[in-house]
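Peer 1: My questions all concern the structure below.
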């Protein structure tokens, strides 16, 4: 097990800059999640760590050792490939045994059998061991690919969306299992996903990747509550965060935010928060983007004090709750509602924003400025870090 | 229960197949029959004749037929062997690596098969005379590469391209060296393609006539050229000719039957996400 460091790693495929100066420092025994949209360069980072891709610039270090010139076989990494990459001519058992039968990582046949039994049991596939990959479903193949990595004791586990093709129930149980297993094995694990839930549930820390660059690194809470820009804020959270423009104006004892709802100007008072106020003053803020999570948007179907009017664009269930989307002119507001409401499309809905939960972003650069209650979230992140 | 219409269709289908089978097999059957006929009976078209083994005795025991067969085995087998040794790595390179003018190179290899043999054989004859490859095993094996190598490279390349490159990566990560990966992981996957193309290459080389006719004379005497001997200048011994042809067809048939079980496709399916 080892600490994995990448320093300013760059990699291009032809004219496409796949990685543009990636620097990460994964601690020993950490569960590190790479999270980002498709084509962001997550898999290329794993390939650089495994030695399959050669970075043009930058350093890859395992512990204190520079690994740039070490071939994949000698790096002792276990990798789960996104497309499984099982050996088609071998049974599941032989697939899983393959690393332990190579000259470099040789183990006795008894030990191999024991470890495969354990891995098969954890991945719930004891009945599949004698089959060929062509006789497996995609979910089963994915479990075999996981099992092939788990039987080893490598420097680092590299997992490329290993749960993406499992059915929902199995995925949830695997997620729990995986986290526990990683803690028990005491192994470093770098995990690629584009599932927000997986990233939050598994990662000790999460790195947000976009267009070959690291956008933000932090614990799940840090990134969720204090996203460094609007891109990250939109990536983290389901349903997506609401972001809309606002103008800021000073009042007698504080500030107001004015937003446009269907052509009408709505004035919302910004509650008092010394930190927020000082940032607004400091910047002489006139315009900003406001971000607010759907759970902080309240709705009513009757006119109420402090609520503004809008119309329902859609109402759909996302499992144990539903999302109401309200039309507000240039943008839409998402809010959480219980299931089973009788909501008609285009009917009136009255909305209240809980302004003491908003995040302020810069109007131009879309960068994070400040949020309400920032100190308590910093403290929360710090306490998690200590654990 | 089958309806009358279905039954009629079934009968018709089988009838047509039988007609085709007779059409396809009759020349071969006739050839085999001729081998048992004496020269005087060769031209009779009835199936009644006095069977004799004289032709077999004449060809197999009293001529150099065994040597001709051996020569054919050496040059055809040698040609296929060289093609496999050279062609498999070439196919791998064409499938996996990117280098400038790759497709042009692949096409050029294929283009060796475009020219009729008779077109290239004359210049080759003169070159072979000059550099001392005329009438030698090496010379024939070399020129047979024009027949067998393009075929093998193109078929095997397709098989390599079907194998996901991640399988190689996975094996590297599992601790295997390139050679181990090649022989343990890749060769089993390309085997059906390799076997079938090698078999075809062998048959083409075995049946090749123009090259050995012009490029060899006494020292190397493949069976295709040797058969001509039985068409004597004054008399044609059709019975002996038939024996020589029949026996020369056997090795390819036997070879094909032996490796038939390796000709299964579909091994490489199911390895990666489909």
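Throughout, read-outs are computed from the coordinates displayed, never taken from laboratory work. Note that the structure is a prediction, hence the values are computed from the model and not measured. So basically every Cβ, Gly included, is an ideal-geometry build from the backbone, and we count neighbours across all protein chains shown.
Peer 1: Restricting to DSSP H runs of at least four residues, report the calculated mean residue ellipticity at 222 nm for the protein assembly as shown, -39500 (n - 2.57) per run over all residues, nearest 500 deg cm²/dmol.
Peer 2: So the helix-based figure for the protein assembly as shown works out to -14000 deg cm²/dmol.
Peer 1: Roughly how many nanometres apart are two label points built 7 Å out from the Cα toward the Cβ at residue B:260 and residue B:115?
Peer 2: 3.9
Peer 1: Another question about this same structure. Rounded, prolate or oblate: which one fits chain A, using the alpha carbon gyration tensor with axes a ≥ b ≥ c (rounded when a/c is under 1.5, else prolate when a/b beats b/c, else oblate)?
Peer 2: prolate
Peer 1: Calculate how steeply helix A:109-122 sits against the longest principal axis of the alpha-carbon atoms of chain A, using the helix alpha-carbon long axis, and give the answer as 0 to 90 degrees to the nearest 10.
Peer 2: The helix A:109-122 is inclined about 20 degrees to chain A.
Peer 1: How do B:169-176, A:61-68 rank on mean C-beta neighbours within 10 Å, highest first?
Peer 2: Highest to lowest by the protection proxy: B:169-176, A:61-68.
Peer 1: Could I ask something else about it? Report, to one decimal in Å, the Kirkwood hydrodynamic radius for the protein assembly as shown based on all distinct Cα pairs.
Peer 2: Kirkwood hydrodynamic radius for the protein assembly as shown: 31.7 Å.
Peer 1: Above 22 angstrom, tally the Cα pairs of region A:259-387 and express them as a % of all pairs, no decimals.
Peer 2: When every Cα pair of region A:259-387 is considered, 46 percent fall beyond 22 Å.
Peer 1: Over the whole of A:80-93, what's the average partner chain Cβ count within 10 Å per residue? Rounded to a whole number, please.
Peer 2: Other-chain Cβ atoms within 10 Å of each residue's Cβ, averaged: 6.
Peer 1: Angle check, please: helix B:137-162 long axis (alpha carbons) against the longest principal axis of chain B (alpha carbons), in degrees 0 to 90, nearest 10.
Peer 2: Helix B:137-162 sits roughly 50 degrees off the main axis of chain B.
Peer 1: Further question: Give me the Kirkwood hydrodynamic radius of region A:17-60, using the inverse of the mean 1/r over all pairs of distinct Cα atoms, in Å to one decimal.
Peer 2: 11.5
Peer 1: If you don't mind, another one. What ranking of A:232, A:247, B:224 emerges when the number of other C-beta atoms within 10 Å of each C-beta is taken as an exposure proxy, fewest first?
Peer 2: Least to most surrounded, the residues fall as A:247, B:224, A:232.
Peer 1: Between residue B:210 and residue A:262, what is the label-to-label distance in nm when each label sits 7 Å out along the Cα-to-Cβ direction?
Peer 2: 8.4
Peer 1: Compute the Cα gyration tensor for region A:4-235, then decide on rounded, prolate or oblate, letting a ≥ b ≥ c be the square roots of its eigenvalues: rounded whenever a/c is under 1.5, prolate when a/b is larger than b/c in the other cases, and oblate in all that remain.
Peer 2: Prolate shape, in that a/c is at least 1.5 and a/b is the bigger ratio.
Peer 1: Over chain A, calculate the relative contact order: mean separation of alpha carbon pairs under 8 Å at least 6 apart, over the residue count, as a percent.
Peer 2: It rounds to 15 percent for chain A.
Peer 1: Taking Cα atoms, how many degrees apart are the long axis of helix A:374-386 and the longest axis of chain A, rounded to 10 and kept between 0 and 90?
Peer 2: On a 0 to 90 degree scale, this one is about 20.
Peer 1: With a cut-off of 8 Å between alpha carbons and a minimum separation of six or more residues, what is the relative contact order of region A:242-386 in percent?
Peer 2: 25
Peer 1: Taking the Cα centre of each part, how many Å lie between region A:35-101 and region A:4-27?
Peer 2: 15
Peer 1: Got a sec? How would A:175, B:62, A:287 order by Cβ neighbour count within 10 Å, fewest to most?
Peer 2: B:62, A:287, A:175
Peer 1: Which whole-number percent gives the relative contact order of region B:29-129, counting Cα pairs below 8 Å spaced six or more residues apart?
Peer 2: Worked out over region B:29-129, it gives 14 percent.
Peer 1: Rounded if a/c is under 1.5, else prolate if a/b is larger than b/c, else oblate: which is chain B, with a ≥ b ≥ c the root eigenvalues of its Cα gyration tensor?
Peer 2: Here chain B falls in the oblate category.
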